[in-house]
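The values are calculated or read from the model by the stated rules, or taken from the named source; none is laboratory data. These numbers were taken from a predicted model, which means no experiment stands behind them. Here the Cβ is made from the backbone with ideal geometry for all residues, glycine too, and neighbour counts use every protein chain on show. SASA here: full protein model, heavy atoms, side chains in, ligands and nucleic acids out. Shrake-Rupley method; radii C 1.70, N 1.55, O 1.52, S 1.80 Å.
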Amino acid sequence: MKCRQCGTEIADKAIVCYRCGTATTDPVRRPAEIRPRRGGLLSIVAFVVLLALGLYLGMAGRSMGPGPDATRLETIAGVLIAAALVALVIRTVRRRT
């Protein structure tokens, strides 16, 4: 039998060519398909926007002085910052797996 890669004469029962290492038969199984990773740009942008909006609203609430509107803005700012941190944690956990 001849190697289909290099043409060297090899044994009929050989599994691979001793000279070039090419297999003498086609593989029985196909290799597992590797899925490309999705881009993480959207999660980074969402994190930055939520954090910036939360910081802006927090500063706006503090500059308004005491009152219900200021308290409401500070609460919304806290929620937005917490959402940004949760998005960051989820992104970090997904990257490790």
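The table below gives the values:
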read-out: Choice from Ile76, Ile34, Ile44 with maximal GNM fluctuation in the chain (Cα, 10 Å cutoff); value: Ile34
read-out: Förster radius 30 Å - calculated FRET efficiency between Arg91 and Tyr56, Cβ distance, rounded to 0.05; value: 0.85
read-out: Rounded percent of accessible protein surface that carbon and sulfur make up, the chain, 1.4 Å probe; value: 63 percent
read-out: Degrees, to the nearest 10: 68-96 long Cα axis against longest axis of the chain; value: 10 degrees
read-out: The chain - Debye-derived log10 I(q)/I(0), Cα point model, q = 0.21 Å⁻¹; value: -0.98
read-out: Accessible area (Å², per residue) of the stretch 1-63, counting only protein heavy atoms and a probe of 1.4 Å; value: 91 Å²
read-out: DSSP-loop trypsin sites (Lys or Arg not before Pro) across the stretch 19-82, with at most 15 other Cβ within 10 angstrom; value: Arg19, Arg29, Arg37, Arg38
read-out: Sparse-neighbour loop sites [GluC sites (Glu not before Pro); the stretch 7-95; at most 15 other C-beta within 10 Å; DSSP]; value: Glu33
